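Encoded as structure tokens, the structure appears first; notes follow it.
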Amino acid sequence: MVDLKQFEVWFLTGSQPLYGQEVLDQVDEHSKKIAQALDDSENISVNIKFKPVLSSQDKVKNVFREANAKENCVGVITWMHTFSPAQMWIPGLKILEKPILHLHTQFNKNIPYDSIDMDFMNLNQSAHGGREYGFMLSRIRKDRKVVVGHWKEDTVQKRIDTWARAASAWYDWQEMKVVRFGDNMRNVAVTEGDKVEANIEFGFSVPGYGIGDLVERVEAVSESEIKNMLSEYENQYNVTTDNELAVKEAARVELGMRNFLQGEDIKAFTTNFENLTGLRHLPGLAVQRLMADGYGFGAEGDWKTAALLRAMKVMSAGLEGGTSFMEDYTYDLEPNDMKVLGAHMLEVCPSLADETPELNVYPLDIGGKENPARLIFNTSRGSAIRATIMDMGNRFRMVMNTCEVVEPEKAFPNLPVARVLWKPEPDLETSAAAWIHAGGTHHNSFSMALTKEHLEDFATIADIEALTIDEDTEIKQFKKELKWNEMYYSSQNI
């Protein structure tokens with residue numbers, strides 16, 4: 001499972017020596033209190049580390065150089081307590097490789113009408129100090145998140161955490177391996193992409209392994225390991241099948257996959273039902289359980305979805321609600337009440353389940369193998385976000401869509417897979433049209449823990465084109481945004 005407490009964000013405060021040492025001492029004291037409060041806050045999932053106040057060009061450059069080199073530092077929060085001349089930030093900002101959050105706050109929450117004087121005004125200059133710093137970030141085209149409000153407020157702390165989660169996911173992508181067992185599904189276009197460019201742009205690599213490399217690990221699993229895994233199944237799920245051989249084989253495959261992934265330090269992977277030589281069935285239960293433990297996954301060799309799902313697993317760690325690989329499968333086109341039924345052949349993460357999943361064995365009718373075990377369940381109700389990444393030739397693009405998971409009107413007595421029924425925003429007609437205009441994939445990473453702000457922050461950090469389909473989307477305007485983006489990205493390649 002993902003532990004976000006392994007990561008830290010540095011809290012950096014800007015000032016200058018113009019006001020004297022006494023003011024700098026007060027700035028330092030205030031900065032320590034804010035950093036400590038954020039570090040202690042239940043709203044923030046990472047560690048917040050105070051760093052001494054920055055009052056010169058050399059101090060700024062040195063701390064940014066240190067942040068770049070610190071292994072578990074995922075980003076920096078910058079706050080201008082007084083007026084910090086922005087030119088002193090230029091050398092540091094030019095070399096900074098970590099994400100930035102600009103916290104536009106002040107130590108005091110309210111104006112002290114009865115006691116305010118010029119000493120107070122000289123000390124508490126965040127209102128215009130932040131604007132000076134903000135200009136320089138814009139002048140050198142440095143992407144960042146800006147959070148405005150008092151540092152004690154829950155809303156401010158939660159927005160900081162949203163960004164910190166995105167920064168942690170970006171850090172996790174660096175040097176990550178997304179392993180493909182086999183290759184992409186034959187003749188499918190959207191799951192393909194430039195793996196070298198992804199490595200350059202995003203940091204993760206996409207090595208391929210033959211299915212035989214996995215089979216070797218599967219065959220090495222001991223009977224005692226399988227027995228322990230079967231006991232785990234009995235304790236966690238409603239096991240309703242009498243096909244003990246299929247469940248035992250599912251346990252063997254899961255153990256083999258776990259051994260392979262852990263041994264090679266892999267965080268995301270793909271499978272393909274067209275490439276199963278040496279396996280008795282398509283891995284279903286194994287994939288579901290590995291996703292529940294935080295692994296990214298993509299079916300049919302979809303490595304971009306696998307990588308995105310891993311990022312969303314990192315971002316959603318510790319939050320209420322599940323996150324899973326998903327596919328738009330079929331529609332309910334009842335006018336004024338259109339819905340999407342999402343599922344996949346086998347692979348939907350049980351973190352989405354609204355009750356204890358059923359473990360059973362049914363025919364798959366695809367892949368030409370024996371009947372596989374899988375977890376079967378419906379999904380909790382509530383808000384969700386789904387997202388996908390495509391290779392557009394001259395850049396990668398992320399598309400996301402907010403939606404509402406709803407209660408099925410009836411049971412699914414003949415559909416033995418995990419499934420989700422949702423209403424996309426603003427409606428299916430607009431959502432599907434916008435998704436298709438944008439070239440969105442049939443696979444997506446689906447989360448009931450994250451919001452569009454998490455993904456938009458991640459897209460900013462990753463410097464990836466991002467298109468949001470939500471309650472405000474109109475097709476006419478959305479198509480204009482696509483054209484504007486195309487002009488922008490085409491100009492970048494001139």
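Computed from the coordinates by the stated procedures, all read-outs in this text should not be read as laboratory data. Not measured: the values here are computed from a predicted model. Ideal geometry is used to build each Cβ from the backbone, glycine not excepted, and the neighbour counts take in all protein chains shown.
Computed quantities for the displayed model
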{"quantity": "Histogram of C-alpha separations across segment 4-51, 10 Å bin width, %", "calculated": "27, 43, 21, 8"}
{"quantity": "Taking Thr451, Thr78, Thr270 and counting other C-beta atoms within 10 Å, the order from fewest to most", "calculated": "Thr451, Thr78, Thr270"}
{"quantity": "Selection of GluC sites (Glu not before Pro), segment 1-78, meeting DSSP coil and at most 13 other Cβ within 10 Å", "calculated": "Glu42, Glu71"}
{"quantity": "12 Å beta-carbon shell around Glu486, net charge (K/R +1, D/E -1)", "calculated": "+3"}
{"quantity": "Size-normalised alpha-carbon gyration radius of segment 343-494, reference 2.2 N^0.38 Å", "calculated": "1.21"}
{"quantity": "Radius 11 Å from Cβ of Asn272, net charge of other residues (Lys, Arg +1; Asp, Glu -1)", "calculated": "-2"}
{"quantity": "If the convex hull is drawn through the Cα atoms of segment 4-173, its volume per residue in Å³", "calculated": "102 Å³"}
{"quantity": "Angle in degrees between helix 452-462 and the longest Cα principal axis of the chain, rounded to the nearest 10", "calculated": "80 degrees"}
{"quantity": "For Gly440, distant residues with modelled amide H under 5 Å away", "calculated": "none"}
{"quantity": "Size of electric dipole in segment 4-173: Cβ of Lys, Arg +1 and of Asp, Glu -1, about Cα centre, debye, nearest 20", "calculated": "760 debye"}
{"quantity": "Rg over Rh [alpha-carbon atoms, Kirkwood Rh] for segment 172-288", "calculated": "1.02"}
{"quantity": "Relative packing of peptides 212-223, 350-361, 306-317 - highest average C-beta neighbours within 10 Å first", "calculated": "306-317, 350-361, 212-223"}
{"quantity": "Other-chain or far-sequence residues with amide H under 5 Å of Leu450's (modelled H)", "calculated": "Ile385"}
{"quantity": "Whole-Hz couplings from phi, Karplus 6.51/-1.76/1.60, listed for segment 81-97; x for Gly and Pro", "calculated": "6, 10, 8, 10, x, 6, 5, 6, 8, 4, x, x, 5, 5, 9, 5, 10"}
{"quantity": "Zero-based 10 Å bins, Cα pair distances in the chain, whole percents", "calculated": "4, 18, 26, 23, 16, 9, 3, 1, 0"}
{"quantity": "Euclidean distance between Cα centres, segment 101-129 to segment 1-70, Å", "calculated": "18 Å"}
{"quantity": "Cα centroid separation - segment 270-317 against segment 184-241, whole Å", "calculated": "6 Å"}
{"quantity": "Segment 220-370 - convex hull of the alpha-carbon atoms, volume per residue in Å³", "calculated": "148 Å³"}
{"quantity": "Karplus (6.51, -1.76, 1.60) ³J(HN,Hα), θ = phi - 60°, over segment 474-487, in Hz, Gly and Pro reported as x", "calculated": "10, 4, 4, 6, 5, 5, 5, 4, 4, 5, 4, 4, 4, 5"}
{"quantity": "Folded to 0 to 90 degrees: helix 57-69 orientation relative to the chain principal axis, Cα", "calculated": "10 degrees"}
{"quantity": "Whole-Hz couplings from phi, Karplus 6.51/-1.76/1.60, listed for segment 110-120; x for Gly and Pro", "calculated": "10, 6, x, 3, 6, 10, 4, 9, 6, 4, 5"}
